[in-house]
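Computed from the coordinates by the stated procedures, all read-outs in this text should not be read as laboratory data. Note that this is a predicted model, so its numbers are computed, not measured. Positions of Cβ are generated from backbone atoms using ideal geometry, with glycine treated the same way; all protein chains shown enter the neighbour counts.
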Amino acid sequence: MKVMSFLALVIFLLSGCDLVNTKSTWKLIPTFTLTDTTGQVRKIFHPGENFVMSYSVINTTSFTLDYYNTKPPVIFQVIKNDSVIASSIDGYAFAEVVRGGYLMPYGVLKATWKAPTTPPQYPKVILSPGSYEARVVFVGFNQVKVESVPGITISVLR
């Protein structure tokens, strides 16, 4: 009886401290948007026209969240059929060193990319007329699940 009472007390105290929650119960909802270079939401562009892809996630927990990777935590991609036509890391090189980052409680992790090309990339990417999908890949946090965001279909017209 004493053991049961002790266990009940420990569970009660831990639940009050929010230490019983596991990372599987926490979920963060990110946002992914696509705009023209003036900030207007658009999904139709012309060849040679740039657009801005933006991703953000808010740490709604009261804990500092961390992540580790050898590349940037957020990578944007422009995809046609099953092929990556352009990405936000094209033309860059990354040392295979594990780097970490963190997001403080109630902080915001933001990333943007002026697509469809990167400054070091040559020749510059010019999307030909057709349908593409804009996607974002986020490495994720160690302590919490971040919901994936659906891709955004864009059209390039003549």
key: Qualifying position, being touching a Ser or Thr at 6+ places or on another chain (Cβ under 9 Å) and farther than 30 Å from THR61 by Cα, among VAL144, VAL108, VAL125   = VAL125
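Among the residues of the range 126-136, count how many are buried (at least 17 other Cβ atoms within 10 Å of the Cβ) and among the β-branched types (Val, Ile, Thr). Working first, answer last.
Of the residues in the range 126-136, the ones buried (at least 17 other Cβ atoms within 10 Å of the Cβ) are 127, 132, 134-136.
Adding the requirement that they be among the β-branched types (Val, Ile, Thr) leaves 136.
Residues in the range 126-136 being buried (at least 17 other Cβ atoms within 10 Å of the Cβ) and among the β-branched types (Val, Ile, Thr): 1 in total.
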ask   = Hey, among the residues in the range 23-41 that are loosely packed, with under 14 Cβ neighbours inside 10 Å and in contact (Cβ under 8 Å) with a residue 24 or more places away in the chain, which one's nearest to VAL137 (Cα to Cα)?
value = THR31
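Can you name the residue in the range 63-98 that is of a type in the set (Val, Ile, Thr) and assigned to a loop (DSSP other than H, G, I, E, B) and, of all such residues, is farthest from the chain's Cα centre (by Cα)? Steps first, answer last, please.
Let us first name the residues in the range 63-98 that are of a type in the set (Val, Ile, Thr), namely 64, 70, 74-75, 78-79, 84-85, 89, 97-98.
This time we only want the ones that are assigned to a loop (DSSP other than H, G, I, E, B), so: 64, 70, 89, 97-98.
Values: THR64: 17, THR70: 15, ILE89: 14, VAL97: 20, VAL98: 18 Å.
Out of the qualifying residues, it is VAL97.
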task = Sort out which residues of the range 100-150 are in contact with a Leu (Cβ under 8 Å, 6 or more places away or on another chain) and not in a strand (DSSP E or B), and write them in order of number.
result = PRO116, PRO129, PHE141, ASN142, GLN143, VAL144, GLU147
Residue check, THR153 assigned to a strand (DSSP E or B) and among the polar types (S, T, N, Q) = yes
task = Consider only pairs whose beta carbons are under 7 Å apart and that are at least six residues apart or on different chains; among these, list those whose first residue lies in the range 100-115 and is surrounded by 13 or more Cβ atoms within 10 Å (Cβ to Cβ) and whose second residue is aromatic (Phe, Trp, Tyr) and part of a strand (DSSP E or B).
result = GLY101/TYR67; ALA111/TYR55; TRP113/PHE76; ALA115/PHE51; ALA115/PHE76
